[in-house]
Number of protein chains: 2
Amino acid sequence: MLSDIEIANAATLRPIRDVAAETLGIDEDHLVPYGHYKAKVDIGYLASLADRPMGRLILMTALSPTPPGEGKTTTTVGLTDALFGLGHKSMACLREPSMGPVFGMKGGAAGGGYSQVVPMTDINLHFTGDFAAIAAANNLLSALIDNHIHHGNELDIDVRSVTWKRVLDMNDRALRDTTVALGGYGNGFPRSEGFDIVVASELMAIFCLTESWGDLKRRIGDIVIGYNRAGNPVTARELDAHGAMSVLLRDALAPNLVQTLEGAPAFVHGGPFANIAHGCSSVMATRAGLRLADYVVTEAGFGADLGAEKFVDIKCRKSGLRPDLAVVVATVRALKYHGGVALADLGTEDLGAVERGMANLRRHLHNIRHVYGVRCVVAVNRFPTDTTAEIDKVVELVAAEGVQAYPATHFADGGAGALELAKGVLQALDEPSPYEFSFTYPDELPLTEKVEAVATKLYGARQVTWDSKARRRLQRFERDGFADLPVCIAKTQYSFSTDASLVGAPSGHELHVREVRLSAGAGFVVAVCGEIMTMPGLPRDPAARRIDLADDGTILGLS
Amino acid sequence: MLSDIEIANAATLRPIRDVAAETLGIDEDHLVPYGHYKAKVDIGYLASLADRPMGRLILMTALSPTPPGEGKTTTTVGLTDALFGLGHKSMACLREPSMGPVFGMKGGAAGGGYSQVVPMTDINLHFTGDFAAIAAANNLLSALIDNHIHHGNELDIDVRSVTWKRVLDMNDRALRDTTVALGGYGNGFPRSEGFDIVVASELMAIFCLTESWGDLKRRIGDIVIGYNRAGNPVTARELDAHGAMSVLLRDALAPNLVQTLEGAPAFVHGGPFANIAHGCSSVMATRAGLRLADYVVTEAGFGADLGAEKFVDIKCRKSGLRPDLAVVVATVRALKYHGGVALADLGTEDLGAVERGMANLRRHLHNIRHVYGVRCVVAVNRFPTDTTAEIDKVVELVAAEGVQAYPATHFADGGAGALELAKGVLQALDEPSPYEFSFTYPDELPLTEKVEAVATKLYGARQVTWDSKARRRLQRFERDGFADLPVCIAKTQYSFSTDASLVGAPSGHELHVREVRLSAGAGFVVAVCGEIMTMPGLPRDPAARRIDLADDGTILGLS
């Protein structure tokens, strides 16, 4: 089979204005083109659709993934294409890839095989400049903070307390821990500083939770950048930074329209991490999609304990959006992994391991239905090494949970490979849901108890323990008026616990909160459990070394 | 009179595809639109024009400016509009503004009054993402350098010798002097580092001197990032960085087409500093303009001692382009300033000061004609405080030099205010030039003598003195095979000397070279004379505080 970039480069794309007109009924006047195959949809036009009925929202999530991932983006595209092929007005809402992994190890993130969004190289690189805009706005605030301190520090900012970090869209470990403003009088007051990757920034989370230009500015104004020496929070608003930062994000806030390889429309917009942030594409895009299409398929990062939980408890809570159905991506490989098989041996048939690994999927299915109150089906994303016996076993085990599982081959076959899945989804949506949507915890629960609710209800943890500094900080957040915020738990995606090696469905473990962070603009409190990387590094032999530009402009080596 | 942004916001823009088709004969298929009013012109299409005859190239330069500037960009637009209004195929080639000054003190740089390029807010902010692309490519190289060192340092890079700096398009003094890779084993080997503003980067200079994708990759490969412990240069090519960096600049390399307020076409592409770099917009844009239009007006940064010298000795030398005529912007204000009047008093009539200040303009006129061998006219950019007697005096003084001066009111009146200037330009171009184009020095002159040639022939300096470290470094450059490169002198724009307060036409001074830097990819050696800021700071009350976004998306407060 061809590589992702070979498939993408060989595709004949339709002009995006034709895709917009024919699939979504959007007139060219409402598009802001970025080349011929990408466009932003005008925010004023989207606002004019407010009275339209909303389509059905399908949440793509997964069991706890293996390191290579289980194909959520690919399945989102495959299902969208299958629904599109069946004659429905469907569209995908995806996250924008970060350039960091593109030049590192993981490569791009625009789907794979015959289930991709295109133009693939554009989407994986600068795309429409959203991440650059977020970085610029973020770093303007940083410059204004240090400038304020330099010019007299009227707000009495305690330089030791500044939590707002600079960002780049790059895997650059050398920037994790730095010192800035060295060099004497002219350069300001030295302080320790670190850079995060753009996708780990609060501003990215704000961008993805924002509903309008006005809302954007309000949220940015609410950002707490650190504390003054009296111990009170200092906001971006007090620095008069929120106006200019919003100006830098003005155009970026419009959702980006592209197409799948099969010509279905897709919004690719925003891309926050699913640990330190909430891991979902933008509310702007999801809401726009629901006004424009009958079926919107959107993914949330990592497994259902992280991405889907935050989709529900953060994105849905903030926006009022509600999923009509969840599709849980499972793979034979991941089930075997959770059944105790080593990564290197996942290609060998092992029905016993599949059965043992089902414990992981079982708990996710329980959480989705009985905690979030969302009905679901399972998509078994088929890999070439899977045997028929293994696939049958998964379907059987899932059925025993009262859930339908649909093997799908969209990676190799495009939308045609996900037709049964699509029909299953449509059938499920036709029936009334037996569940009632619910958050994991109410707003008014104390912050500590919110974390406990997630840990005990969803992760199977026995209890939550706290670093004493984290607990004090949490008390400060509550004192400062942030007690009502939801929590965003940053932990490994590989396990329900904080120990990546505890596969399956561990129970009775402790969730230790090492650190807490306030994202006052985004509107959540992050509980960091374990080591969470907010600035990745490059591997010994980074992909950047093989990425090349031919003299005729062809991009080579991007994966 | 309305402010620049009020004028720009009130303008009715034509779709850029119509401007491209009607003014330059470019079919929509060859445009890569960025919204409806900006487009890149396809590089393949531009290459197909290679056989077309070239238009006339008009270089816009100036006398030594006052701090607020004399209106070179504005006059470039005004003259282009006047030629356009006279029915000629004219176009402007301008530099892209940096966002740093937009949020600092200076504001935007897209012309002013009724001589602007539009869309003004777009051009002054992210525009088509070129600067973000340059920053990303620049910082990818930085990440690869530190990553290489972290993973074993096979090339034996001496961490003390790394000259390649990270960049941001931001005025951020806190990043001038930093330490990176702190924090222990996982974060690499600590070293001191600094960030430059994007426009001060070598990559920006490379971008602006590049002729094609292949040339871009070759130049990037040639970048010397520092030295190994044996003292030999280490290049970006040895780090396998040049391919991926070129990929990041692939799309950016196509010139950006916009329009003037009067509907004339303009390329706005690239924007290197005129001290640390060569201060001219891209060769790609200039060459494309000359294939597409009969008259191309392009500006070079600062006064003719800096911008025009580098236009000639770097841009023309590297590209083979030749100016047909120079227009020297002079103002009554600047002449009075050079005649010894304080900035605050420039609004008061002072014919004596105008006459004394003429010494500055006189030397520039001499240099342009008798050193560069380019004929010229003078544009007197009229300000409201100028008296008729002062304007008449300038015209008379310039005429005494054998040069025609044309007062122009394009700031207030648009192209109509520059009609006489345009007619004068056309008349001059109709006659054979009495001068023969020449570089200030030949390639084969030793690097020290190249600096001496510029200093003595153009600046009126008596001699050049060298910091001993600078001289040793220069010897290293010559030993490493860079003796043939032209030099790029970084000094204050306010004086022919390195002392900004020496107005007029100082003579007999010393030019002290404090430091030298190699830009092996761009292809020049920088001689730093005096303090040159490669990362500006924000003022006490930065413009960012007043820039705002209205709920309806209107951008306010940008100047």
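The values are calculated or read from the model by the stated rules, or taken from the named source; none is laboratory data. Everything quoted here is computed from the prediction, not taken from an experiment. Positions of Cβ are backbone-derived with ideal geometry, glycine not excepted, and every protein chain shown enters the neighbour counts. Side chains included, ligands, DNA and RNA excluded: accessible areas come from the protein's heavy atoms. Shrake-Rupley method; radii C 1.70, N 1.55, O 1.52, S 1.80 Å.
All conditions but one from (1) assigned to a loop (DSSP other than H, G, I, E, B); (2) more than 26 Å from A:Y441 (Cβ to Cβ); (3) touching a Leu at 6+ places or on another chain (Cβ under 9 Å) apply to A:A353; the one that does not is (1). Among the residues of segment A:431-470, the ones that are in contact (Cβ under 8 Å) with a residue 40 or more places away in the chain, in a helix (DSSP H, G or I) and farther than 23 Å from A:A304 by Cβ come to 2 in all. Taking (1) assigned to a loop (DSSP other than H, G, I, E, B); (2) open to solvent by less than 10 Å² (accessible area, probe 1.4 Å); (3) assigned by TED's automatic domain parsing to the domain that holds A:D324; (4) in contact with a Phe, Trp or Tyr (Cβ under 9 Å, 6 or more places away or on another chain) in turn, A:V380 satisfies each apart from (1).
For beta carbons closer than 6 Å, sequence separation of 6+ or different chains, a first residue in segment A:241-253 that is more than 8 Å from every other protein chain (Cβ to nearest Cβ) and a second that is small (G, A, S) and assigned to a loop (DSSP other than H, G, I, E, B), the qualifying pairs are A:H242/A:A236. Scanning segment A:155-185 for residues that are in contact with a helix residue (DSSP H, G or I) (Cβ under 7 Å, 6 or more places away or on another chain) and surrounded by fewer than 21 Cβ atoms within 10 Å (Cβ to Cβ) gives A:L155, A:V159, A:V162. Checked against the criterion of being closer than 18 Å to A:L168 by Cα and modelled with pLDDT of 95 or more, the candidates B:E193, B:E238 yield just one match: B:E193.
Cβ-Cβ distances below 8 Å connect no pair with a first residue in segment A:408-429 that is at pLDDT below 95, a second residue that is surrounded by 21 or more Cβ atoms within 10 Å (Cβ to Cβ) and of a type in the set (V, I, T), and a separation of six or more residues or different chains. Residues in segment B:194-212 that are of a type outside the set (F, W, Y) and either at the interface with another protein chain (Cβ under 8 Å from one of its Cβ atoms) or touching an Asp or Glu at 6+ places or on another chain (Cβ under 8 Å) (or both): B:G194, B:I197, B:V198, B:V199, B:S212. The residues of segment A:91-120 that are under 24 Å from A:L24 (Cα atoms) and polar (S, T, N, Q), listed by number, are A:S115, A:Q116.
Selection within segment B:154-180: residues that are part of a loop (DSSP other than H, G, I, E, B) and under 18 Å from A:F195 (Cα atoms). The member of this set that is farthest from the other protein chains (Cβ to nearest Cβ) is B:K165. Among the residues of segment B:457-471, those identified as open to solvent by 30 Å² or more (accessible area, probe 1.4 Å) and within 23 Å of B:N360 (Cα to Cα) are B:K457, B:R462, B:Q463.
Would you call A:G183 without any contact (Cβ under 8 Å) to a residue 24 or more places away in the chain, facing another protein chain (nearest Cβ under 8 Å) and not in a loop (DSSP other than H, G, I, E, B)? No; evaluated as a whole, the condition is false for this residue. Residues in segment A:511-559 that are open to solvent by 30 Å² or more (accessible area, probe 1.4 Å) and part of a strand (DSSP E or B): how many? Total satisfying the criteria: 5. State which residue is surrounded by the most Cβ atoms within 10 Å (Cβ to Cβ) when the search covers only segment B:134-153 and only residues that are facing chain A (nearest Cβ under 10 Å) and assigned to a loop (DSSP other than H, G, I, E, B). Among them, the one singled out is B:H151. Scan segment B:218-241 for residues that are crowded, with 24+ Cβ neighbours inside 10 Å and assigned to a helix (DSSP H, G or I) and jot them down. Result: B:R219, B:I220.
Could you check how many residues of segment A:364-377 are open to solvent by 40 Å² or more (accessible area, probe 1.4 Å) and touching a residue at least 40 places away in the same chain (Cβ under 8 Å)? Residues in segment A:364-377 being open to solvent by 40 Å² or more (accessible area, probe 1.4 Å) and touching a residue at least 40 places away in the same chain (Cβ under 8 Å): 1 in total. With the structure loaded, tell me whether B:V341 is open to solvent by less than 40 Å² (accessible area, probe 1.4 Å) and over 21 Å from B:G424 (Cβ atoms) or whether it fails that test. Yes. Residues considered: B:S192, B:S201. Of these, the only one that is under 23 Å from B:D240 (Cβ atoms) and within 30 Å of the chain's Cα centre (by Cα) is B:S201.
Within segment A:534-555, the set of residues being in contact (Cβ under 8 Å) with a residue 40 or more places away in the chain, aliphatic (A, V, I, L, M) and more than 7 Å from chain B (Cβ to nearest Cβ) comprises A:M535, A:A543.
For A:F482, the criteria (1) within 14 Å of chain B (Cβ to nearest Cβ); (2) more than 23 Å from the chain's Cα centre (by Cα); (3) surrounded by fewer than 24 Cβ atoms within 10 Å (Cβ to Cβ); (4) of a type outside the set (S, T, N, Q) hold in every case but one, which is (1). Within segment B:83-107, being open to solvent by 20 Å² or more (accessible area, probe 1.4 Å), within 14 Å of chain A (Cβ to nearest Cβ) and assigned to a loop (DSSP other than H, G, I, E, B) holds for one residue alone: B:M105.
Within segment B:509-524, one or more residues are over 25 Å from B:R476 (Cβ atoms) and more than 14 Å from chain A (Cβ to nearest Cβ).
Checking every residue in segment A:80-87 against the condition of being in the same structural domain as A:A20 (by TED's automatic domain parsing), under 21 Å from A:L556 (Cα atoms) and among the aromatic types (F, W, Y) gives zero matches.
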